[in-house]
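The structure under discussion appears below in the form of C-alpha cells.
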Amino acid sequence: MILPEKSRATLYLYAALFLLGVLAPFVVYPMFVMKIYVYGLFAVAFNLLFGFAGLLSFGHGAFFGTAAYATGHAIKVWGLTPDVGILFGVLLGTGLAGVVGAFAIQRAGIYFAMITFALAEVVHFIAMKMPLTGGENGLTQVRRGMFLGVFDLSVPLVMYFVCFGIFILAFLFFLRIIHSPFGLALRAMKDGEDRAISLGYSPPRLKFQAFILSGMLAALAGSLKVVVFEFASLSDVHWMTSGHVILMTLLGGVGTYIGPVFGSLVVTFLEDYLSFLGQWVTIITGCIFIVCVIGFRRGVCGEINVLYDKLRRGRAARQGDPDTTRAEQAGE
Amino acid sequence: MEIFGVPLNLLLSQVMLGLINGSFYAMLSLGLCIIFGMLDIVNFAHGAMYMMGAFFTWMLGHYLGIGYWPSLILAPLLVGVIAIVIERVLVRHLYDLHHIYGLLLTFGLVLVIVGIFRGFYSVSGKPYPIPEALTGVTNIGFMYMPTYRLWVLGASIVVCFGTWLLIERTRLGATLRAAIERPDLVATFGINVPRMITLTFAFGSALAALSGVLAAPIYPVNPLMGESIIVVVFAVVVIGGLGSIIGSIIGGFVLGTLEGLTKVYYPEASHISIFIVMMIVLLVTRSGIAGK
C-alpha cells in the first residue's frame, strides 16, 4: 500500500472482480460460483493464519465442519432463521478455535501443525459418535429459509447475492485485520519473533488472537456452506478438508490477499469437472500439492506480484522515478 | 482380586492388548524420529509407508502366493526402495527450506499414495491370515494370550531395542549422529552425507513398513489404515518430543498401555485418551518431556 500506483491497480482489479461476481450467476451455474466463495473464504481464513502469522494449521476443517453442523442443526431442528443459524455456527466454531488455539500455540512450527491435526481428529471422532450429526449419513435437507426476514434464499439468485455479499463483507473484514496495527504486528512477529518481543509485543497473545480470528472466518465459511448446499457431512470435519484448504492457499499464493480465492476456483473447477474420475481426483490433487511445494511456492498470485514488481522496477529505472525507487529500497 | 472394581485378570489382559498397540506406536514414532533427526522433516507419509507394508504383504500373498515370513523381509525392502526414489526425486529439493514445506510435501504424497490404493482396492478391509506357526494361544502365567500378539510384542521390542543399539552404540550410529550435528564436518572425513540421508529415509520408512507387515494379520488391511494410526503417533511424538529415540520408544509403549487401561475404565474415551494426555502435557509443559 506504499505505492500509489500499485494501490490504484489493486483497486481496478477488485472493481473488475466485483463486476465479474455480479455477472457470474447469469453465465455460470450459481452453485458452482457459490462453492468458490465458500471455499475461497475458508482459504482466506486459513491464509490469515499461515500467510500472515506463519502458523500452519492442519486442523481448520474442524472449525469449518463444526460450524456447518451447528448452523445446520439450528436451522433444521430448532427451526431458526438462517441468519441466526449462521451466527450460532460462527459462535460455536470460534469457541472451538479458542480451545484448539490455546493448546496449539504452546508449541511452534511442525509441532503446532501436528497438534492442530491431532485435535481436529478428536473433533472428527466426536462428530462421528454424536447422534445429532447423523453419523455417516450426515445432516441433510437443511432448508434455507428467509435471510434477515427479507431475502428468500430458496430463490437461487437471491441465495447467490446473499452469499456474494457475505463473502465480500468477510473479505473486507480480512483486509481490515491485515492493515490494522494488529495485522502489522502479526507480520512483524512472523518475520522475527525475537524482534517483536523486544518491541514489546507478546507473540503467544498475537498467535492466539490470530488463531481465533482465522477460526472465526473458517466457521463463517462452514456456516455458509450448510446454508448454500443444505447439508453437512463428516467429510467437512475430515483432515482431507483441512488439506484441501492448504492446497487452495498454496496454489493461489500464501500471504497474498486474493490468491486463496483463486486457488479455490482452480480446485473447485478440478473437482467438478473431473468428478467422473472418482477416487483418482485425489491423486491429481496430491500431484498439484507436490508440484506447488517443490517448484511453485509463491503460488499464482505470488508469481504475478513478483512479475508486476519486476516490470515496475524496470520502468522506474528507465524513468529514474525517485518516488518508486525510494519505496523499492525501503521495501527490499 | 479386584482393582477399582475391575477383576485383575481383565485389567492385565487389557494392559497386554494396550502394549500391542503401543508396539506399533513405538515403532512408528521411532521411524518418524530418526527421519526427523537426519532430514529435518516430519514425514506425513509415514502412515502411508505403514499401510504399504501391510498392503504389499497382502498382495505378495494374494497374487504370488508368498507367505508371511518372506514378506517380513520383502515388504519393507519394497517400501525402502520406494522411499529411496521419493527422497531422490522429491524430498531432496526441500533441505534448504523451512521444515514446514517437508510436512506439506509429504502430505501431498499421502494423497497420491492413498489415492492409488483407494483407486484399485477401494476402502474395504482385506483379511490376512495369521501364520500357522503363530496361531492359537499361549499361557503366560496370569492369562491366555493369542500367540501372534505375543510375537508382535516381542518382535517390536527387539526391533526398537536393536535400532536404539545401532544408533547409540555402533560406529555407524556414531557417524549418523555426527552427521546430524555437523553434516559439513562429517563430509570432510570422506563420508557421503547425501547417501546417508537417503538411506536414513529408506530405513525409517522400512521400519514403518515392517510394522505394517506385523499389523496385517490383526488389523484390517485397507488404504486408510495409515492415516488413522499416524494421527495417534503424532500425538505420541508431540508428548515425547522428536529429539530423543529412547523417548519415542518408551512414549509409544506407555501411551499404548494407557489407552488399554482407559478401555477398562471408560471404553468410550479410549480412542481419544492419548489426545487428552497430549492436551494435559501441553498445558503443563512448554517443551516435550524427553525433547529438546
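Odds and ends about this structure:
- Whether a residue is closer than 21 Å to A:ILE246 by Cα, assigned to a helix (DSSP H, G or I), modelled with pLDDT of 95 or more and open to solvent by 30 Å² or more (accessible area, probe 1.4 Å) was assessed, and A:LEU213 passes this test.
Per-residue answers, yes or no, for (1) touching a residue at least 24 places away in the same chain (Cβ under 8 Å); (2) assigned to a helix (DSSP H, G or I); (3) open to solvent by 10 Å² or more (accessible area, probe 1.4 Å); (4) more than 30 Å from A:TYR111 (Cα to Cα):
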| residue | (1), (2), (3), (4) |
| --- | --- |
| B:ASN9 | yes, yes, yes, yes |
| B:LEU19 | yes, yes, yes, no |
| B:SER23 | yes, yes, no, no |
| B:SER29 | yes, yes, no, no |
| B:LEU32 | yes, yes, no, no |
| B:ALA48 | yes, yes, no, no |
| B:TYR63 | no, yes, yes, yes |
| B:VAL79 | yes, yes, no, no |
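- Qualifying residue in the range B:191-209 (condition: over 12 Å from B:GLY31 (Cα atoms), surrounded by fewer than 17 Cβ atoms within 10 Å (Cβ to Cβ) and in contact with a Gly (Cβ under 6 Å, 6 or more places away or on another chain)): no
- Contact map, the range A:120-147: first residue in a loop (DSSP other than H, G, I, E, B), second residue at pLDDT below 85, Cβ cut-off under 8 Å, separation 6 or more or different chains; pairs are A:THR140/A:GLY134.
- Members of the range A:148-163 found to be β-branched (Val, Ile, Thr) and assigned to a loop (DSSP other than H, G, I, E, B), listed by number: A:VAL150, A:VAL155
- Helices (runs of 4 or more DSSP H) enclosed by the range B:220-286 - at least 2 residues per element that are of a type outside the set (D, E, K, R) and within 11 Å of another protein chain (Cβ to nearest Cβ): B:225-240, B:273-284
- Summed over the range A:110-120, residues that are facing chain B (nearest Cβ under 7 Å), under 20 Å from the mean Cα position of the chain (by Cα) and not aliphatic (A, V, I, L, M) total 1.
- Subset tally (residues that are in contact (Cβ under 8 Å) with a residue 40 or more places away in the chain and away from every other protein chain (no Cβ under 13 Å)) for the range A:270-303: 5
- In the condition set (1) out of contact with any helix residue (DSSP H, G or I) (no Cβ under 9 Å at 6 or more places or on another chain); (2) buried (at least 20 other Cβ atoms within 10 Å of the Cβ), B:PHE253 is compliant with all but (1).
- Scanning the range A:297-332 for residues that are open to solvent by less than 60 Å² (accessible area, probe 1.4 Å), modelled with pLDDT under 75 and aliphatic (A, V, I, L, M) turns up just one, A:ALA327.
- Being within 10 Å of chain B (Cβ to nearest Cβ), open to solvent by less than 20 Å² (accessible area, probe 1.4 Å) and closer than 23 Å to A:GLY65 by Cα holds for only one residue in A:SER242, A:SER223, and it is A:SER242.
- Subset of the range B:131-170 [in a helix (DSSP H, G or I), open to solvent by less than 60 Å² (accessible area, probe 1.4 Å) and without any contact (Cβ under 8 Å) to a residue 12 or more places away in the chain]: B:GLY154, B:GLY162
- Every residue from the range A:59-102 that is open to solvent by less than 30 Å² (accessible area, probe 1.4 Å), over 13 Å from the mean Cα position of the chain (by Cα) and among the hydrophobic types (A, V, I, L, M, F, W, C): A:ALA62, A:ALA67, A:ALA68, A:ALA70, A:ALA74, A:ILE75, A:ILE86, A:VAL90, A:ALA97, A:VAL100
- Of everything listed in (1) under 25 Å from A:PRO30 (Cβ atoms); (2) open to solvent by 10 Å² or more (accessible area, probe 1.4 Å), the single unmet condition for A:MET159 is (2).
- Residues that are touching a residue at least 40 places away in the same chain (Cβ under 8 Å) and touching a helix residue (DSSP H, G or I) at 6+ places or on another chain (Cβ under 8 Å) were ranked within the range A:195-210; the one that is most open to solvent (accessible area, probe 1.4 Å) is A:PHE208.
- For the criterion of being among the hydrophobic types (A, V, I, L, M, F, W, C), within 14 Å of chain A (Cβ to nearest Cβ) and outside any helix (DSSP H, G or I), B:VAL123 passes.
- Within the range B:262-276, being open to solvent by 60 Å² or more (accessible area, probe 1.4 Å) and either of a type in the set (Lys, Arg) or over 22 Å from B:ALA208 (Cβ atoms) (or both) holds for B:LYS263, B:TYR265, B:TYR266, B:PRO267, B:GLU268, B:ILE276.
- In the range B:105-116, the residues that are more than 7 Å from chain A (Cβ to nearest Cβ) form Cβ pairs under 7 Å with partners that are of a type in the set (Val, Ile, Thr) and open to solvent by less than 10 Å² (accessible area, probe 1.4 Å), at six or more places apart or across chains, as follows: B:THR106/B:ILE41.
- Qualifying residue in the range A:179-189 (condition: more than 24 Å from A:ALA104 (Cβ to Cβ), open to solvent by 20 Å² or more (accessible area, probe 1.4 Å) and hydrophobic (A, V, I, L, M, F, W, C)): no
- In the range A:121-131, the residue that is surrounded by the most Cβ atoms within 10 Å (Cβ to Cβ) out of those that are among the aliphatic types (A, V, I, L, M) and more than 9 Å from chain B (Cβ to nearest Cβ) is A:ALA127.
- Scan of the range B:85-96 for residues that are open to solvent by 50 Å² or more (accessible area, probe 1.4 Å) and either more than 14 Å from B:PRO194 (Cα to Cα) or not in a loop (DSSP other than H, G, I, E, B) (or both), ordered by number: B:VAL85, B:ARG88, B:VAL89, B:ARG92, B:HIS93
The values are calculated or read from the model by the stated rules, or taken from the named source; none is laboratory data. Keep in mind it's a predicted model, so treat the numbers as computed, not measured. Note that we place each Cβ from the backbone using ideal geometry, even for glycine, and neighbour counts take in every protein chain shown. Ligands, DNA and RNA are stripped out before the accessible areas are found, and what is left, the full protein with its side chains, is counted by its heavy atoms. Shrake-Rupley method; radii C 1.70, N 1.55, O 1.52, S 1.80 Å.
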